[in-house]
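**Q** Quick one: structure below, then a few questions.
The values are calculated or read from the model by the stated rules, or taken from the named source; none is laboratory data. The structure displayed is predicted, hence computed values, not measured ones. Quick reminder, even Gly has a Cβ in these numbers, built from the backbone with ideal geometry, and neighbours come from all protein chains shown. Just the protein is used for accessible areas: all its heavy atoms, side chains included, with ligands, DNA and RNA removed. Shrake-Rupley method; radii C 1.70, N 1.55, O 1.52, S 1.80 Å.
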Amino acid sequence: MSKIEEIQEEIVEEFSMFDDWMQRYEYMIELGKSLPLIDEQYKTDEYIIKGCQSKVWVHANMEEDKVVFTADSDAIITKGIIAILIRAFSHQHPQDIIDADTHFIDEIGLKEHLSPTRANGLVSMIKQLKLYAVAYRTQVN
Amino acid sequence: MTKTSTISNAPFDVETIRRDFPILNRKVNGQPLVYFDNAATGQTPQQVIDVIVDYYSRYNANIHRGVHSLSQEATDAYEQARIKIQKHFNAAQPKEIILTAGTTHGINLVANGFTHFLQQGDEVLLSAMEHHSNIVPWQMLCERTGATLKIIPMTLKGELEMDAFAKALSPKTKLVFVNHVSNALGTINPIKKIIDAAHEVGAAVLVDGAQAAPHIKADVQALDVDFYVVSAHKMCGPTGVGILYGKASWLEKLPPYQGGGEMIDQVTFEKTTYAGLPHKFEAGTPNICGGIATGAAIDYLNAIGFDTLAAYEAELLEYGTEQLSKIEGLKIYGEAAEKTAVISFNVGNLHPYDIGTLLDKMGIAVRTGHHCAQPIMDFFKIPGTVRASFAFYNTKAEIDALVQGVQRAVNMLS
(Lines give C-alpha, C1' and ligand atoms only; values in the text may rest on other atoms or scores of the structure.)
Protein backbone atom coordinates (compact mmCIF):
# COMPACT_ATOMS: atom_id res chain seq x y z
CA MET A 1 0.00 0.00 0.00
CA SER A 2 1.41 3.36 -0.98
CA LYS A 3 1.83 6.13 1.57
CA ILE A 4 -1.00 8.11 -0.03
CA GLU A 5 -3.27 5.08 0.13
CA GLU A 6 -2.45 4.65 3.83
CA ILE A 7 -3.33 8.27 4.56
CA GLN A 8 -6.56 7.92 2.62
CA GLU A 9 -7.47 4.88 4.74
CA GLU A 10 -6.71 6.89 7.89
CA ILE A 11 -8.94 9.73 6.77
CA VAL A 12 -11.77 7.34 5.88
CA GLU A 13 -11.44 5.75 9.32
CA GLU A 14 -11.55 9.15 11.06
CA PHE A 15 -14.67 10.18 9.19
CA SER A 16 -16.36 6.84 9.85
CA MET A 17 -16.52 7.78 13.52
CA PHE A 18 -19.13 10.42 12.74
CA ASP A 19 -22.74 9.40 12.54
CA ASP A 20 -24.22 12.23 10.56
CA TRP A 21 -23.39 14.81 7.92
CA MET A 22 -23.29 17.62 10.46
CA GLN A 23 -20.44 16.08 12.42
CA ARG A 24 -18.56 15.31 9.21
CA TYR A 25 -18.89 18.88 8.03
CA GLU A 26 -17.93 20.22 11.45
CA TYR A 27 -14.80 18.11 11.32
CA MET A 28 -14.05 19.28 7.81
CA ILE A 29 -14.48 22.90 8.89
CA GLU A 30 -12.02 22.21 11.72
CA LEU A 31 -9.56 20.75 9.24
CA GLY A 32 -10.00 23.83 7.09
CA LYS A 33 -9.24 26.09 10.02
CA SER A 34 -6.07 24.16 10.84
CA LEU A 35 -4.79 24.16 7.27
CA PRO A 36 -1.23 25.53 7.07
CA LEU A 37 -1.84 28.67 5.10
CA ILE A 38 -0.26 29.53 1.84
CA ASP A 39 2.26 32.35 1.94
CA GLU A 40 0.44 35.64 1.16
CA GLN A 41 2.70 36.25 -1.85
CA TYR A 42 1.12 33.23 -3.57
CA LYS A 43 -2.47 34.41 -3.14
CA THR A 44 -2.49 35.80 -6.64
CA ASP A 45 -4.25 34.89 -9.87
CA GLU A 46 -1.24 32.86 -10.92
CA TYR A 47 -1.92 30.31 -8.17
CA ILE A 48 -5.68 30.35 -8.22
CA ILE A 49 -7.86 27.38 -9.13
CA LYS A 50 -10.92 28.82 -10.68
CA GLY A 51 -14.22 27.55 -9.42
CA CYS A 52 -17.44 29.39 -10.00
CA GLN A 53 -18.05 30.43 -6.42
CA SER A 54 -15.11 30.09 -4.06
CA LYS A 55 -11.47 30.78 -4.69
CA VAL A 56 -8.66 28.33 -3.98
CA TRP A 57 -4.98 29.11 -4.15
CA VAL A 58 -2.44 26.28 -4.28
CA HIS A 59 1.32 26.51 -4.22
CA ALA A 60 3.78 23.66 -4.60
CA ASN A 61 7.52 23.32 -4.14
CA MET A 62 9.99 20.50 -3.96
CA GLU A 63 11.70 19.52 -0.74
CA GLU A 64 14.31 16.92 -1.58
CA ASP A 65 12.42 14.58 -3.91
CA LYS A 66 8.93 15.24 -2.53
CA VAL A 67 6.25 17.73 -3.47
CA VAL A 68 5.01 20.01 -0.70
CA PHE A 69 1.69 21.74 -1.11
CA THR A 70 0.20 24.73 0.70
CA ALA A 71 -3.22 26.20 -0.02
CA ASP A 72 -5.95 28.56 1.05
CA SER A 73 -9.53 29.31 0.13
CA ASP A 74 -11.97 32.12 0.84
CA ALA A 75 -14.66 29.55 1.76
CA ILE A 76 -14.08 27.39 4.80
CA ILE A 77 -15.72 24.19 3.51
CA THR A 78 -13.63 24.38 0.37
CA LYS A 79 -10.62 24.95 2.58
CA GLY A 80 -11.52 21.78 4.51
CA ILE A 81 -11.64 19.82 1.28
CA ILE A 82 -8.30 21.09 0.04
CA ALA A 83 -6.86 20.43 3.52
CA ILE A 84 -7.87 16.77 3.21
CA LEU A 85 -6.35 16.54 -0.26
CA ILE A 86 -3.13 18.15 0.88
CA ARG A 87 -2.90 15.83 3.86
CA ALA A 88 -2.94 12.90 1.44
CA PHE A 89 -0.79 14.37 -1.33
CA SER A 90 1.73 16.66 0.34
CA HIS A 91 5.25 15.41 1.10
CA GLN A 92 4.85 12.59 -1.43
CA HIS A 93 6.83 11.53 -4.45
CA PRO A 94 5.54 13.06 -7.72
CA GLN A 95 4.86 9.65 -9.29
CA ASP A 96 2.79 8.53 -6.29
CA ILE A 97 0.70 11.68 -6.55
CA ILE A 98 0.16 11.11 -10.27
CA ASP A 99 -0.87 7.49 -9.69
CA ALA A 100 -3.10 8.14 -6.66
CA ASP A 101 -6.84 7.79 -6.91
CA THR A 102 -9.13 9.75 -4.62
CA HIS A 103 -11.73 7.17 -3.61
CA PHE A 104 -11.67 8.52 -0.06
CA ILE A 105 -13.60 11.65 -1.10
CA ASP A 106 -16.52 9.42 -1.97
CA GLU A 107 -16.10 7.28 1.12
CA ILE A 108 -16.12 10.14 3.61
CA GLY A 109 -19.47 11.34 2.32
CA LEU A 110 -18.32 14.20 0.10
CA LYS A 111 -19.29 12.51 -3.12
CA GLU A 112 -21.58 15.38 -4.07
CA HIS A 113 -18.54 17.66 -4.21
CA LEU A 114 -17.09 15.53 -6.96
CA SER A 115 -19.94 16.35 -9.29
CA PRO A 116 -18.76 18.69 -12.03
CA THR A 117 -21.78 20.90 -11.50
CA ARG A 118 -20.75 21.63 -7.93
CA ALA A 119 -19.05 24.93 -8.06
CA ASN A 120 -16.18 24.39 -5.67
CA GLY A 121 -13.99 22.79 -8.27
CA LEU A 122 -12.84 19.74 -6.32
CA VAL A 123 -12.11 18.02 -9.59
CA SER A 124 -10.02 21.02 -10.63
CA MET A 125 -8.18 20.91 -7.31
CA ILE A 126 -7.18 17.27 -7.78
CA LYS A 127 -6.20 17.96 -11.36
CA GLN A 128 -4.06 20.93 -10.31
CA LEU A 129 -2.24 18.96 -7.58
CA LYS A 130 -1.48 16.24 -10.12
CA LEU A 131 -0.29 18.78 -12.69
CA TYR A 132 2.21 20.12 -10.17
CA ALA A 133 3.36 16.53 -9.61
CA VAL A 134 3.77 16.01 -13.35
CA ALA A 135 5.86 19.18 -13.57
CA TYR A 136 8.07 18.13 -10.69
CA ARG A 137 8.45 14.56 -11.95
CA THR A 138 10.49 15.84 -14.87
CA GLN A 139 12.68 17.67 -12.36
CA VAL A 140 13.25 14.47 -10.38
CA ASN A 141 14.01 12.51 -13.53
CA MET B 1 -56.67 12.87 -16.94
CA THR B 2 -55.77 16.53 -17.05
CA LYS B 3 -55.96 18.32 -13.75
CA THR B 4 -58.29 21.26 -13.92
CA SER B 5 -57.62 24.38 -11.97
CA THR B 6 -59.13 24.28 -8.51
CA ILE B 7 -58.10 27.75 -7.60
CA SER B 8 -60.12 30.08 -9.75
CA ASN B 9 -62.01 32.67 -7.75
CA ALA B 10 -61.19 30.91 -4.51
CA PRO B 11 -59.53 32.82 -1.68
CA PHE B 12 -55.76 32.31 -1.63
CA ASP B 13 -54.95 29.16 0.27
CA VAL B 14 -51.30 28.23 0.05
CA GLU B 15 -51.87 24.62 1.10
CA THR B 16 -54.30 24.10 -1.79
CA ILE B 17 -51.81 25.76 -4.16
CA ARG B 18 -48.97 23.57 -2.93
CA ARG B 19 -50.90 20.44 -3.91
CA ASP B 20 -50.56 21.56 -7.54
CA PHE B 21 -46.75 21.26 -7.35
CA PRO B 22 -45.68 17.61 -7.05
CA ILE B 23 -42.01 18.53 -6.59
CA LEU B 24 -42.78 20.24 -3.29
CA ASN B 25 -43.48 16.83 -1.75
CA ARG B 26 -40.01 15.46 -2.31
CA LYS B 27 -37.19 15.19 0.17
CA VAL B 28 -33.64 16.40 -0.34
CA ASN B 29 -30.86 14.92 1.79
CA GLY B 30 -33.57 13.29 3.88
CA GLN B 31 -35.30 16.58 4.67
CA PRO B 32 -38.51 18.04 3.21
CA LEU B 33 -37.53 20.27 0.29
CA VAL B 34 -37.64 24.01 0.96
CA TYR B 35 -37.30 25.56 -2.48
CA PHE B 36 -36.10 29.16 -2.34
CA ASP B 37 -34.36 29.38 -5.72
CA ASN B 38 -37.37 30.65 -7.60
CA ALA B 39 -35.53 33.55 -9.20
CA ALA B 40 -33.36 31.00 -11.03
CA THR B 41 -36.26 28.81 -12.09
CA GLY B 42 -39.81 28.44 -10.88
CA GLN B 43 -41.53 25.13 -10.23
CA THR B 44 -44.12 23.67 -12.56
CA PRO B 45 -47.68 22.92 -11.50
CA GLN B 46 -49.40 19.64 -12.39
CA GLN B 47 -51.75 21.56 -14.72
CA VAL B 48 -48.76 22.52 -16.92
CA ILE B 49 -47.10 19.09 -16.62
CA ASP B 50 -50.40 17.54 -17.80
CA VAL B 51 -50.39 19.74 -20.90
CA ILE B 52 -46.87 18.56 -21.73
CA VAL B 53 -47.83 14.90 -21.27
CA ASP B 54 -51.02 15.43 -23.28
CA TYR B 55 -49.12 16.98 -26.17
CA TYR B 56 -46.68 14.09 -26.52
CA SER B 57 -49.39 11.50 -25.85
CA ARG B 58 -51.96 12.77 -28.31
CA TYR B 59 -50.88 15.30 -30.95
CA ASN B 60 -47.12 15.60 -31.28
CA ALA B 61 -46.56 16.85 -34.85
CA ASN B 62 -44.73 19.61 -36.66
CA ILE B 63 -46.64 22.82 -37.10
CA HIS B 64 -47.61 25.24 -39.86
CA ARG B 65 -46.72 22.99 -42.79
CA GLY B 66 -48.61 19.75 -42.32
CA VAL B 67 -52.02 19.11 -43.87
CA HIS B 68 -52.77 16.19 -41.60
CA SER B 69 -54.94 16.41 -38.51
CA LEU B 70 -52.22 16.14 -35.88
CA SER B 71 -50.29 18.98 -37.47
CA GLN B 72 -53.45 21.09 -37.56
CA GLU B 73 -54.15 20.39 -33.88
CA ALA B 74 -50.59 21.20 -32.87
CA THR B 75 -50.60 24.38 -34.98
CA ASP B 76 -53.90 25.50 -33.47
CA ALA B 77 -52.67 24.87 -29.92
CA TYR B 78 -49.39 26.67 -30.58
CA GLU B 79 -51.04 29.71 -32.13
CA GLN B 80 -53.65 29.74 -29.35
CA ALA B 81 -50.77 29.91 -26.89
CA ARG B 82 -49.39 32.91 -28.77
CA ILE B 83 -52.76 34.63 -28.42
CA LYS B 84 -52.86 33.84 -24.69
CA ILE B 85 -49.41 35.41 -24.35
CA GLN B 86 -50.47 38.41 -26.42
CA LYS B 87 -53.52 38.98 -24.21
CA HIS B 88 -51.52 38.46 -21.02
CA PHE B 89 -49.01 41.15 -21.92
CA ASN B 90 -51.65 43.22 -23.74
CA ALA B 91 -49.70 43.35 -27.00
CA ALA B 92 -51.67 44.98 -29.80
CA GLN B 93 -51.50 41.92 -32.08
CA PRO B 94 -50.34 38.28 -31.92
CA LYS B 95 -47.61 38.87 -34.50
CA GLU B 96 -45.81 41.08 -31.97
CA ILE B 97 -45.16 37.96 -29.88
CA ILE B 98 -42.05 36.07 -30.99
CA LEU B 99 -41.51 32.71 -29.32
CA THR B 100 -37.82 32.25 -28.56
CA ALA B 101 -35.63 29.86 -26.62
CA GLY B 102 -35.46 32.17 -23.62
CA THR B 103 -34.81 35.71 -22.43
CA THR B 104 -31.17 35.55 -23.52
CA HIS B 105 -32.23 34.48 -27.00
CA GLY B 106 -34.70 37.39 -27.24
CA ILE B 107 -32.05 39.90 -26.18
CA ASN B 108 -29.56 38.54 -28.69
CA LEU B 109 -32.18 38.67 -31.45
CA VAL B 110 -32.72 42.39 -30.83
CA ALA B 111 -29.02 43.15 -30.29
CA ASN B 112 -28.18 41.42 -33.54
CA GLY B 113 -30.84 43.37 -35.44
CA PHE B 114 -29.61 46.71 -34.12
CA THR B 115 -26.22 46.12 -35.70
CA HIS B 116 -27.77 47.75 -38.76
CA PHE B 117 -29.04 50.82 -36.92
CA LEU B 118 -26.03 51.91 -34.85
CA GLN B 119 -22.81 53.61 -35.75
CA GLN B 120 -19.80 55.22 -34.14
CA GLY B 121 -20.81 58.14 -31.92
CA ASP B 122 -24.10 56.53 -30.89
CA GLU B 123 -24.60 55.67 -27.26
CA VAL B 124 -26.44 52.87 -25.52
CA LEU B 125 -27.40 53.04 -21.85
CA LEU B 126 -27.41 50.07 -19.53
CA SER B 127 -28.36 49.94 -15.85
CA ALA B 128 -25.74 49.02 -13.25
CA MET B 129 -27.91 46.17 -11.96
CA GLU B 130 -28.13 44.02 -15.06
CA HIS B 131 -27.19 40.36 -15.15
CA HIS B 132 -24.76 39.05 -17.73
CA SER B 133 -27.44 38.23 -20.31
CA ASN B 134 -28.38 41.88 -20.50
CA ILE B 135 -24.78 43.13 -20.60
CA VAL B 136 -22.75 40.90 -22.88
CA PRO B 137 -24.97 41.03 -26.03
CA TRP B 138 -24.88 44.85 -25.86
CA GLN B 139 -21.12 44.91 -25.37
CA MET B 140 -20.85 42.71 -28.45
CA LEU B 141 -23.20 45.06 -30.31
CA CYS B 142 -21.04 48.06 -29.36
CA GLU B 143 -17.90 46.24 -30.49
CA ARG B 144 -19.54 45.53 -33.85
CA THR B 145 -20.84 49.04 -34.41
CA GLY B 146 -18.44 51.34 -32.56
CA ALA B 147 -21.25 52.66 -30.34
CA THR B 148 -20.43 53.53 -26.72
CA LEU B 149 -21.88 51.69 -23.71
CA LYS B 150 -22.77 53.92 -20.77
CA ILE B 151 -23.91 52.78 -17.35
CA ILE B 152 -26.82 54.12 -15.27
CA PRO B 153 -25.44 54.02 -11.70
CA MET B 154 -27.26 52.76 -8.62
CA THR B 155 -27.35 53.65 -4.93
CA LEU B 156 -26.20 51.51 -2.03
CA LYS B 157 -29.84 50.63 -1.41
CA GLY B 158 -29.95 49.10 -4.85
CA GLU B 159 -32.05 51.74 -6.60
CA LEU B 160 -31.19 53.34 -9.93
CA GLU B 161 -29.95 56.92 -9.79
CA MET B 162 -32.65 58.51 -11.89
CA ASP B 163 -31.00 61.94 -11.93
CA ALA B 164 -27.84 60.45 -13.38
CA PHE B 165 -29.99 58.59 -15.90
CA ALA B 166 -31.69 61.82 -16.98
CA LYS B 167 -28.29 63.50 -17.38
CA ALA B 168 -26.89 60.61 -19.41
CA LEU B 169 -29.71 60.82 -21.96
CA SER B 170 -28.99 62.81 -25.09
CA PRO B 171 -29.83 62.74 -28.79
CA LYS B 172 -26.84 60.40 -29.12
CA THR B 173 -28.70 57.79 -27.02
CA LYS B 174 -30.14 55.20 -29.36
CA LEU B 175 -31.00 52.37 -26.99
CA VAL B 176 -31.70 51.88 -23.29
CA PHE B 177 -31.65 48.47 -21.59
CA VAL B 178 -32.92 47.88 -18.11
CA ASN B 179 -34.37 45.01 -16.19
CA HIS B 180 -37.86 45.36 -14.79
CA VAL B 181 -36.74 43.53 -11.64
CA SER B 182 -33.13 42.85 -10.59
CA ASN B 183 -32.38 39.15 -10.15
CA ALA B 184 -29.74 39.71 -7.49
CA LEU B 185 -31.44 42.45 -5.48
CA GLY B 186 -35.16 42.14 -6.18
CA THR B 187 -35.42 45.88 -6.97
CA ILE B 188 -38.43 46.83 -9.09
CA ASN B 189 -37.20 49.53 -11.45
CA PRO B 190 -39.36 52.52 -12.47
CA ILE B 191 -39.49 51.35 -16.07
CA LYS B 192 -42.37 53.57 -17.14
CA LYS B 193 -40.35 56.68 -16.22
CA ILE B 194 -37.29 55.25 -17.95
CA ILE B 195 -39.23 54.42 -21.13
CA ASP B 196 -40.87 57.86 -21.30
CA ALA B 197 -37.59 59.71 -20.75
CA ALA B 198 -35.77 57.55 -23.32
CA HIS B 199 -38.49 58.14 -25.89
CA GLU B 200 -38.15 61.89 -25.44
CA VAL B 201 -34.64 61.70 -26.89
CA GLY B 202 -35.71 59.20 -29.55
CA ALA B 203 -34.12 56.12 -27.98
CA ALA B 204 -35.67 52.65 -28.07
CA VAL B 205 -36.02 50.68 -24.84
CA LEU B 206 -35.65 46.98 -24.18
CA VAL B 207 -36.89 45.79 -20.80
CA ASP B 208 -35.68 42.46 -19.47
CA GLY B 209 -38.81 41.22 -17.73
CA ALA B 210 -37.49 37.76 -16.81
CA GLN B 211 -37.55 38.42 -13.07
CA ALA B 212 -40.75 40.46 -13.17
CA ALA B 213 -42.96 38.08 -15.15
CA PRO B 214 -43.71 35.68 -12.26
CA HIS B 215 -44.76 38.57 -9.99
CA ILE B 216 -45.99 41.48 -12.09
CA LYS B 217 -48.32 41.53 -15.08
CA ALA B 218 -46.70 43.92 -17.53
CA ASP B 219 -48.94 45.83 -19.94
CA VAL B 220 -46.65 46.52 -22.88
CA GLN B 221 -49.02 49.03 -24.50
CA ALA B 222 -49.52 51.02 -21.30
CA LEU B 223 -45.75 50.98 -20.77
CA ASP B 224 -45.20 51.90 -24.42
CA VAL B 225 -42.09 49.70 -24.26
CA ASP B 226 -40.36 48.83 -27.54
CA PHE B 227 -39.16 45.35 -26.53
CA TYR B 228 -39.99 43.21 -23.51
CA VAL B 229 -38.37 39.80 -22.98
CA VAL B 230 -39.20 37.00 -20.56
CA SER B 231 -38.50 33.30 -19.95
CA ALA B 232 -41.34 30.79 -19.49
CA HIS B 233 -39.52 28.70 -16.90
CA LYS B 234 -39.55 31.51 -14.37
CA MET B 235 -43.33 31.75 -14.62
CA CYS B 236 -44.46 28.16 -13.99
CA GLY B 237 -43.72 27.11 -17.58
CA PRO B 238 -41.12 24.84 -19.18
CA THR B 239 -37.45 25.62 -19.79
CA GLY B 240 -36.29 26.43 -23.30
CA VAL B 241 -39.10 28.86 -24.12
CA GLY B 242 -38.92 32.62 -24.08
CA ILE B 243 -41.15 35.43 -25.19
CA LEU B 244 -39.99 38.48 -27.08
CA TYR B 245 -42.56 41.21 -27.38
CA GLY B 246 -41.63 43.85 -29.92
CA LYS B 247 -43.63 46.71 -31.35
CA ALA B 248 -44.63 45.68 -34.86
CA SER B 249 -43.01 48.84 -36.24
CA TRP B 250 -39.65 47.75 -34.79
CA LEU B 251 -39.96 44.08 -35.65
CA GLU B 252 -40.78 44.93 -39.26
CA LYS B 253 -37.55 46.93 -39.47
CA LEU B 254 -35.22 44.41 -37.80
CA PRO B 255 -33.64 41.89 -40.16
CA PRO B 256 -34.11 38.15 -39.50
CA TYR B 257 -31.86 36.75 -36.83
CA GLN B 258 -31.47 33.22 -38.14
CA GLY B 259 -32.15 31.73 -41.54
CA GLY B 260 -33.96 28.46 -42.05
CA GLY B 261 -37.35 26.88 -42.50
CA GLU B 262 -40.52 28.69 -41.50
CA MET B 263 -39.02 32.18 -41.75
CA ILE B 264 -39.03 32.34 -45.54
CA ASP B 265 -41.45 33.51 -48.15
CA GLN B 266 -39.78 32.41 -51.39
CA VAL B 267 -36.40 30.74 -51.69
CA THR B 268 -34.38 30.55 -54.88
CA PHE B 269 -30.63 30.17 -55.11
CA GLU B 270 -30.48 33.77 -56.28
CA LYS B 271 -32.55 35.39 -53.57
CA THR B 272 -34.77 34.65 -50.61
CA THR B 273 -37.66 36.77 -49.43
CA TYR B 274 -38.76 36.51 -45.85
CA ALA B 275 -42.01 35.62 -44.18
CA GLY B 276 -43.96 38.22 -42.28
CA LEU B 277 -44.16 38.50 -38.50
CA PRO B 278 -43.88 36.56 -36.30
CA HIS B 279 -42.48 33.80 -38.54
CA LYS B 280 -39.61 35.96 -39.79
CA PHE B 281 -37.97 35.42 -36.40
CA GLU B 282 -38.98 31.81 -35.83
CA ALA B 283 -36.66 29.82 -38.07
CA GLY B 284 -36.82 26.05 -37.84
CA THR B 285 -39.05 23.82 -35.76
CA PRO B 286 -39.78 25.64 -32.54
CA ASN B 287 -40.30 24.19 -29.07
CA ILE B 288 -43.91 23.37 -29.94
CA CYS B 289 -44.81 21.59 -26.73
CA GLY B 290 -43.02 24.26 -24.72
CA GLY B 291 -44.95 27.04 -26.42
CA ILE B 292 -48.28 25.32 -25.73
CA ALA B 293 -47.27 24.66 -22.11
CA THR B 294 -46.31 28.32 -21.71
CA GLY B 295 -49.90 29.21 -22.57
CA ALA B 296 -51.03 26.81 -19.85
CA ALA B 297 -48.62 28.38 -17.35
CA ILE B 298 -50.04 31.81 -18.08
CA ASP B 299 -53.56 30.44 -17.59
CA TYR B 300 -52.45 28.98 -14.27
CA LEU B 301 -50.98 32.23 -12.97
CA ASN B 302 -53.96 34.25 -14.13
CA ALA B 303 -56.35 31.83 -12.41
CA ILE B 304 -54.67 32.73 -9.12
CA GLY B 305 -54.49 36.39 -10.11
CA PHE B 306 -51.38 38.56 -10.04
CA ASP B 307 -52.80 40.89 -7.39
CA THR B 308 -53.43 37.92 -5.13
CA LEU B 309 -50.02 36.33 -5.57
CA ALA B 310 -48.18 39.65 -5.32
CA ALA B 311 -49.96 40.45 -2.04
CA TYR B 312 -49.07 37.04 -0.62
CA GLU B 313 -45.44 37.29 -1.78
CA ALA B 314 -45.18 40.76 -0.21
CA GLU B 315 -46.23 39.16 3.08
CA LEU B 316 -43.51 36.51 2.66
CA LEU B 317 -40.93 39.21 1.88
CA GLU B 318 -41.86 41.23 4.95
CA TYR B 319 -41.84 38.18 7.20
CA GLY B 320 -38.60 36.84 5.74
CA THR B 321 -36.84 40.21 6.04
CA GLU B 322 -37.98 40.57 9.64
CA GLN B 323 -37.00 37.04 10.68
CA LEU B 324 -33.65 36.91 8.87
CA SER B 325 -32.70 40.32 10.25
CA LYS B 326 -32.78 38.81 13.75
CA ILE B 327 -29.65 36.81 12.91
CA GLU B 328 -26.64 38.62 14.31
CA GLY B 329 -24.35 40.03 11.65
CA LEU B 330 -26.77 39.38 8.77
CA LYS B 331 -26.74 42.06 6.11
CA ILE B 332 -29.31 42.31 3.34
CA TYR B 333 -28.25 43.61 -0.08
CA GLY B 334 -30.99 45.34 -1.98
CA GLU B 335 -33.22 47.51 0.17
CA ALA B 336 -35.16 49.30 -2.52
CA ALA B 337 -38.54 50.69 -1.53
CA GLU B 338 -40.08 48.67 -4.34
CA LYS B 339 -38.92 45.08 -4.54
CA THR B 340 -40.12 41.55 -5.24
CA ALA B 341 -39.72 38.68 -2.80
CA VAL B 342 -35.95 38.29 -3.08
CA ILE B 343 -33.65 38.47 -0.06
CA SER B 344 -29.96 38.57 -0.91
CA PHE B 345 -27.74 38.46 2.18
CA ASN B 346 -24.45 37.64 3.84
CA VAL B 347 -23.64 36.93 7.47
CA GLY B 348 -20.52 38.60 8.82
CA ASN B 349 -17.51 37.54 6.82
CA LEU B 350 -18.81 34.05 6.14
CA HIS B 351 -18.59 32.95 2.52
CA PRO B 352 -21.99 32.53 0.86
CA TYR B 353 -20.84 29.23 -0.59
CA ASP B 354 -20.34 27.78 2.90
CA ILE B 355 -23.81 28.81 4.05
CA GLY B 356 -25.43 27.54 0.84
CA THR B 357 -23.65 24.18 1.08
CA LEU B 358 -24.81 23.62 4.66
CA LEU B 359 -28.38 24.74 3.86
CA ASP B 360 -28.47 22.20 1.05
CA LYS B 361 -27.63 19.46 3.56
CA MET B 362 -30.76 20.59 5.42
CA GLY B 363 -32.91 20.33 2.27
CA ILE B 364 -33.03 24.09 1.72
CA ALA B 365 -32.32 25.25 -1.84
CA VAL B 366 -30.96 28.80 -2.13
CA ARG B 367 -28.70 30.35 -4.71
CA THR B 368 -25.20 31.42 -3.74
CA GLY B 369 -22.58 33.30 -5.69
CA HIS B 370 -22.69 36.30 -7.95
CA HIS B 371 -26.01 35.34 -9.59
CA CYS B 372 -24.50 36.01 -13.01
CA ALA B 373 -24.42 39.68 -12.06
CA GLN B 374 -20.75 40.21 -11.23
CA PRO B 375 -20.84 44.01 -11.61
CA ILE B 376 -23.37 44.18 -8.76
CA MET B 377 -21.08 42.15 -6.49
CA ASP B 378 -18.12 44.33 -7.48
CA PHE B 379 -20.22 47.36 -6.57
CA PHE B 380 -20.81 46.02 -3.05
CA LYS B 381 -17.22 44.63 -2.90
CA ILE B 382 -18.38 41.11 -2.00
CA PRO B 383 -17.72 37.72 -3.63
CA GLY B 384 -21.43 37.01 -3.78
CA THR B 385 -24.51 36.59 -1.63
CA VAL B 386 -26.89 33.94 -0.38
CA ARG B 387 -30.13 34.59 -2.21
CA ALA B 388 -33.49 33.32 -1.03
CA SER B 389 -36.18 34.05 -3.61
CA PHE B 390 -39.78 33.25 -2.78
CA ALA B 391 -42.76 32.22 -4.87
CA PHE B 392 -46.47 32.16 -4.08
CA TYR B 393 -46.26 28.45 -3.16
CA ASN B 394 -43.77 29.09 -0.35
CA THR B 395 -44.85 29.42 3.27
CA LYS B 396 -43.86 31.25 6.43
CA ALA B 397 -43.05 27.87 7.99
CA GLU B 398 -40.45 27.37 5.23
CA ILE B 399 -39.00 30.79 6.03
CA ASP B 400 -38.74 29.69 9.67
CA ALA B 401 -36.82 26.61 8.46
CA LEU B 402 -34.50 28.86 6.48
CA VAL B 403 -33.85 31.14 9.46
CA GLN B 404 -33.08 28.16 11.69
CA GLY B 405 -30.92 26.67 8.96
CA VAL B 406 -28.90 29.86 8.50
CA GLN B 407 -28.43 30.14 12.26
CA ARG B 408 -27.28 26.53 12.44
CA ALA B 409 -24.86 27.08 9.55
CA VAL B 410 -23.50 30.24 11.17
CA ASN B 411 -22.92 28.36 14.44
CA MET B 412 -21.03 25.64 12.58
CA LEU B 413 -18.91 28.05 10.58
CA SER B 414 -18.07 30.61 13.27
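**Q** Looking at the stretch A:54-75, which of its residues are within 14 Å of chain B (Cβ to nearest Cβ), open to solvent by 30 Å² or more (accessible area, probe 1.4 Å) and touching a His at 6+ places or on another chain (Cβ under 8 Å)?
**A** A:Asp74
**Q** In the list B:Ala310, B:Ala341, B:Ala303, which residue meets the criterion of being touching a residue at least 24 places away in the same chain (Cβ under 8 Å), in contact with a Ser or Thr (Cβ under 9 Å, 6 or more places away or on another chain) and farther than 21 Å from B:Ser182 by Cβ?
**A** That would be B:Ala303, the only listed residue that is touching a residue at least 24 places away in the same chain (Cβ under 8 Å), in contact with a Ser or Thr (Cβ under 9 Å, 6 or more places away or on another chain) and farther than 21 Å from B:Ser182 by Cβ.
**Q** When you scan the stretch B:19-38, how many residues do you find that are surrounded by 15 or more Cβ atoms within 10 Å (Cβ to Cβ) and either of a type in the set (Ser, Thr, Tyr) or in contact with a helix residue (DSSP H, G or I) (Cβ under 7 Å, 6 or more places away or on another chain) (or both)?
**A** Result for the stretch B:19-38: 6.
**Q** Being over 30 Å from B:Gln31 (Cβ atoms), open to solvent by less than 90 Å² (accessible area, probe 1.4 Å) and over 15 Å from the mean Cα position of the chain (by Cα) is the filter here; which residues of the stretch A:10-53 pass it?
**A** Once the filter is applied, which keeps residues that are over 30 Å from B:Gln31 (Cβ atoms), open to solvent by less than 90 Å² (accessible area, probe 1.4 Å) and over 15 Å from the mean Cα position of the chain (by Cα), the stretch A:10-53 yields A:Asp39, A:Tyr42, A:Lys43, A:Thr44.
**Q** Just for the stretch B:338-364: of the residues that are within 17 Å of B:Asp400 (Cβ to Cβ), in contact with a Lys or Arg (Cβ under 9 Å, 6 or more places away or on another chain) and away from chain A (no Cβ under 14 Å), which one is surrounded by the fewest Cβ atoms within 10 Å (Cβ to Cβ)?
**A** Once the filter is applied, the top-ranked residue is B:Phe345.
**Q** Being facing another protein chain (nearest Cβ under 10 Å) and touching a residue at least 24 places away in the same chain (Cβ under 8 Å) is the filter here, so list the residues in the stretch A:1-27 that pass it.
**A** Listed by number, the residues that qualify are A:Trp21, A:Arg24, A:Tyr25.
**Q** Ok, one more. Out of curiosity, is B:Val386 open to solvent by less than 30 Å² (accessible area, probe 1.4 Å), over 30 Å from B:Tyr59 (Cβ atoms), touching a strand residue (DSSP E or B) at 6+ places or on another chain (Cβ under 6 Å) and away from every other protein chain (no Cβ under 14 Å)?
**A** no
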